[in-house]
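The next block holds one structure in the form of structure tokens; read it before the comments.
Readers should treat all values here as calculations from the given coordinates under stated rules, not as data from a laboratory. These figures come from a predicted structure and were not determined experimentally. Positions of Cβ are generated from backbone atoms using ideal geometry, with glycine treated the same way; all protein chains shown enter the neighbour counts.
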Amino acid sequence: MEQLVANKEDVLWRLVLRYVERDLDESILFSKNHEGLNLVEDLGYDSVSFVSLIVDIEDEFGFTFSDEILSFEKMINYAELTRVIEREGEVV
Amino acid sequence: MSIKKKLMEFANDSLFYSENIDLKEYEFHKKVERSLIKKNDLQKHKSKILNKNYVYQDINSLVISRTSGSSGEPLEVYWTLDDYIKSNLCLWRLRKQYYGVDSNSACVCFHAILYNKSIPMEPKKIVYLNGGTILSFSKFYLEDADLDEYWNYIEKYQPKWMLIQPSVAYRLKAYMEKKNLRLPNSIRYIELNGEQINSTDEKLLKDFFHVLIANMYGCNEVNAIAYECPCGNMHILDENVFVQLVNYEDRGGEIEGDIVLSSLKNSAFPIIGYEIGDRVVIRNHVDCDCGKHGDVITKIKGRSSDMLQLSDNTIVSSFEITYCVEYINSIMGNPIKRYTVSEKDNKLSIHVFVEDRFIRWNESIKRELSDKICEMLQLTNEIDVVVNLISDIRVARNGKANYIEKVN
């Protein structure tokens, strides 16, 4: 189970990096812990790249985010994004 | 949650709906006897339509989508950022699934007037938008010299897709043919929007551009309404919008009527039972090979304000005339710069403004255009199509290529 979770996090991090267009600090790029990251402030995300990420996550993890759960303000927080994916993924 | 319940929740927070419209009495069926609001209502009552919880908040926190409005009166629609994202998400899912583009894919489009919130931006011929993911060119400048300049930008930018109006696609086709050019290999998909196109002309563009081409039908008031899948069906995006028809006619498996829209996502500025003015034909319950099941739009006949009813009851839409004009432009090297259409005493008159250097082809242009219009509209002999060449036509501010004049 822990292995599965770790893999999911690796996949998510790879998806998140896909839409980062700025040069990232190595401490962020190679860190194993992304919990405290904010996609907008730390990675330069905006609503356009957020939409791309959401569609990629749905494709990769095989579920569709419900309207009730989708929130730009909350989900740009990496830790919250991870929690939402866990919750939505369980529903499937 | 049912559609009615959801829309009633939206309406409860809007003074306009609470005071003026009894939604309990309104039936959310696909065919209805009346719509609830029209464009005028959106323009006149926008502060009352706005969710009361946002009235006293900083309106800058809301996303504004804006059009100049067909009457020239500005029309603004307000969204929370989350609602705006949700409204667009279903289209982005399908764009990726069908055509492999996402919101970060480099895109080329054409603009008329750009806005920053409510304020028109300084006119720009070439501009990068959305953090550089969109390269946009002005629709007002489409001469060969302008397209030479645009083409250089496109080659450097290497877009993955283009989002353009059919009339611009025709213009680009004529230019590329003249210059013997091919689309850069980076472009794998062209999305047509803003004007309707028939399947014959779409095939003409597909055969020329050699990329995937699809139609998207939408409006700023609710965003995407329908989207064409690779099987050629325009699927209604029922996650985003509830579609009804008023003034409808059943036509053996299909229904034609004036489209009435309800946004299923906009809680800040509820749009419910909104008659936008387009007339469409819908086929219900289509099982498509793309995997979608539901209603599809088989024909968009344009805005009722952009239509003429001829004496034999034939409806002529500006879209249909646009196709004919753009068809002539594509086969004759873009001679027609602007045009208007009017109808009086059984005579359909097309007034076209032809570029000076094509003057000696006047008779050919008149004949070809007249033949194409008769063929397209399948006109009876009682209707006389006359093409007049004129020296100038007033340019509309929205940059749209087609106008219909009502002559009483």
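Values computed for the structure shown
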| quantity | calculated |
| --- | --- |
| 25 °C / 0.890 mPa s Stokes-Einstein diffusion coefficient of region B:179-249, Kirkwood radius on C-alpha pairs, µm²/s | 176 µm²/s |
| 12 Å cut-off, amide nitrogen to a point 7 angstrom out along B:SER311 Cα→Cβ, residues in region B:348-363 | B:348 |
| Segment B:GLU155-B:ASN20, length gained on full extension (0.36 nm per residue, minus Cα span) | 43.2 nm |
| Exposed GluC sites (Glu not before Pro) absent - longest run of chain A, DSSP non-H/G/I/E/B, at most 16 other C-beta within 10 Å | A:36-67 |
| Two-site label geometry, B:ILE3 and A:GLU9: point separation in nm, points 7 Å out along Cα→Cβ | 4.4 nm |
| Estimated dipole of chain A in Debye, rounded to 20 [Cβ of Lys and Arg +1, of Asp and Glu -1, Cα centre] | 120 debye |
| Shielding by partners - mean other protein chain Cβ count within 10 Å, residues of B:80-92 | 4 |
| Shielding by partners - mean other protein chain Cβ count within 10 Å, residues of A:49-57 | 6 |
| Positive minus negative residues near B:LYS52 (Lys, Arg vs Asp, Glu; Cβ under 12 Å) | -1 |
| Approximate spin-label separation A:ARG18-B:LYS31, in nm, with each point projected 7 Å along Cα-to-Cβ | 4.4 nm |
| In region B:166-244, trypsin sites (Lys or Arg not before Pro) in a DSSP loop with at most 11 other beta-carbon atoms within 10 Å | B:ARG182 |
| Kirkwood Rh, angstrom, region B:165-216 [1 / mean 1/r, Cα pairs] | 11.2 Å |
| Model label zone, B:LYS46; criterion: amide N under 18 Å from point 7 Å along Cα-to-beta-carbon; scope region B:215-250 | B:219-223 |
| Set of region A:56-92 residues, backbone N closer than 13 Å to the point 7 Å along the Cα-Cβ line of A:GLU35 | A:78-80, A:82-83 |
| Three principal axis lengths of chain A [C-alpha, angstrom, descending] | 36, 30, 20 |
